[in-house]
Amino acid sequence: MFLRKKMKEFTETYLDKVKIIKKEINSADAIVIGAGAGLSTSAGAKYDGDRFEKYFSDFRERYGFEDMYSGGFYPFESDEIYWAYWSRYININRYEDVDNGTYKNLYELVKDKNYFVITTNVDHMFQKAGFDKSRLFYTQGDYGLFQCSVPCCQKTFDNEDIVKKMVEQQKDMKIPSELVPICPNCGAKMTMNLRADDKFVEDEGWHKAKDRYVKFLENNLDKKILFLELGVGLNTPGIIKYPFWRMVKNGENAKYISISLDSTYIPEKIADRSMCINDDIGKVLTDIKK
């Protein structure tokens, strides 16, 4: 693991950095995009403020939490209320298109390149923007999938139809009891396919995506490869950030670029092949496209 005391930031101007990023994207033989929550936030998928107030003012008034993320951990008193909350949450963050152009700009920059995406985001925004599903590895789950809460099996279940019904039929912050999702295999309660504990289901699709990601790295690590990190913080650095640093350190032709409003640091050992930029991702991507 690299120590923060050994890290430093670059001193180029903003426009210098934008030009460098554009050049590196265009000249890379392979690009690995590592995306965290900061990318979706930049794209407009904010979990607080006006967007939270628009969809969850009634929950705020009754329960007191001030953002969607906090509400996801609230111990609601019934399954009917729990799924009224979560169906709205899933619907606006998974099935509605909120991208302000950030994901679409990223796609336009890499669509003709040899790329692969690893992300901790679970909102499906890459596929909505046009990214090839076979080039995506969602490590932490998908808002669009349910799993057994036990779990009794390593399977996941598409939830769009039932979520839409929950949203349409809920009244007074409750869904009809008959819509509470039950595992078709064992009858236990269903839950979200989100990595929160050791009960997270890594289904067949998850493992195939992981295998494709590993294969992509094996086939491209000796090439001129760019590790482009977007909006990755320090909550789970072992998934994207630290592996990127290690691969750049060990890859003679590898380079690393990090774009984020925060957590953009460079280890000293890879500083000569790295760059970070502290700014809004959407703004940076727009400027790269110009």
Q: Would you mind working out the magnitude of the charge dipole of the chain relative to its Cα centre, with +1 at each Lys and Arg C-beta and -1 at each Asp and Glu C-beta, to the nearest 20 Debye?
A: 1140 debye
Q. Among the trypsin sites (Lys or Arg not before Pro) within the range 174-257, which fall in a DSSP loop and have no more than 14 other Cβ atoms within 10 Å of their own Cβ?
A. Lys199, Lys223
Q: Net charge near Val284: determine it from the other residues with C-beta under 12 Å of the C-beta of Val284, scoring Lys and Arg +1 and Asp and Glu -1.
A: +3
Q | Per-bin percent of Cα-Cα distances, the range 107-146 [10 Å] | A | 29, 57, 13, 1
Q | Theoretical gain in end-to-end length, Lys215 to Glu268 [0.36 nm per residue, Cα-Cα removed] | A | 16.2 nm
Q) When we measure straight from the Cα of Lys165, which lysines land under 30 angstrom away, once same-chain ones fewer than 8 places off are left out? A) Lys46, Lys54, Lys104, Lys128, Lys133, Lys155, Lys174, Lys189, Lys199
Q. What is the diffusion coefficient of the range 29-84 in µm²/s, taking the Kirkwood radius over Cα pairs and the Stokes-Einstein relation at 20 °C with a viscosity of 1.002 mPa s?
A. 163 µm²/s
Q. Working from the pairwise distances between different alpha carbons, so that the mean of 1/r is found and then inverted, what is the range 170-290's Kirkwood radius in Å?
A. 18.0 Å
Q) Just for the Cα atoms in the range 77-133, what are the lengths along the principal axes, largest first, rounded to whole Å? A) 49, 21, 13
Q.
What number results when the radius of gyration of the range 1-149, computed over Cα atoms, is divided by 2.2 N^0.38 Å?
A. 1.27
Q) With r defined as the distance between the Cβ atoms of Lys289 and Cys186 and R0 fixed at 45 Å, what FRET efficiency is calculated, to the nearest 0.05? A) 0.35
(Q) Please compute the alpha carbon radius of gyration of the chain, then divide it by the globular-protein estimate 2.2 N^0.38 Å. Two decimals is fine. (A) 1.07
**Q.** Amide N proximity, the range 63-83 versus Asn235 label position 7 Å along Cα-to-Cβ, cut-off under 12 Å
**A.** 68-73
Q. Given +1 on the Cβ of Lys and Arg, -1 on the Cβ of Asp and Glu, and no further charges, what dipole in debye does the range 143-283 carry about its Cα centre, rounded to the nearest 20?
A. 260 debye
Q: Using only Cα atoms, find the angle between the long axis of helix 49-63 and the longest principal axis of the chain, and express it within 0 to 90 degrees, rounded to the nearest 10.
A: 40 degrees
Q) Calculated from DSSP H runs of 4 or more alone, at -39500 (n - 2.57) each and per residue, what is the 222 nm mean residue ellipticity of the chain, nearest 500? A) -11000 deg cm²/dmol
**Q.** Gain in span if fully extended, Asn114 to Ala196, counting 0.36 nm per residue against the direct Cα distance
**A.** 26.3 nm
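Values quoted throughout were computed directly from the atomic coordinates according to the rules given, and no laboratory measurement underlies them. These numbers were taken from a predicted model, which means no experiment stands behind them. In this analysis, Cβ positions are derived from the backbone assuming ideal geometry, glycine residues included, and neighbour counts consider all displayed protein chains.
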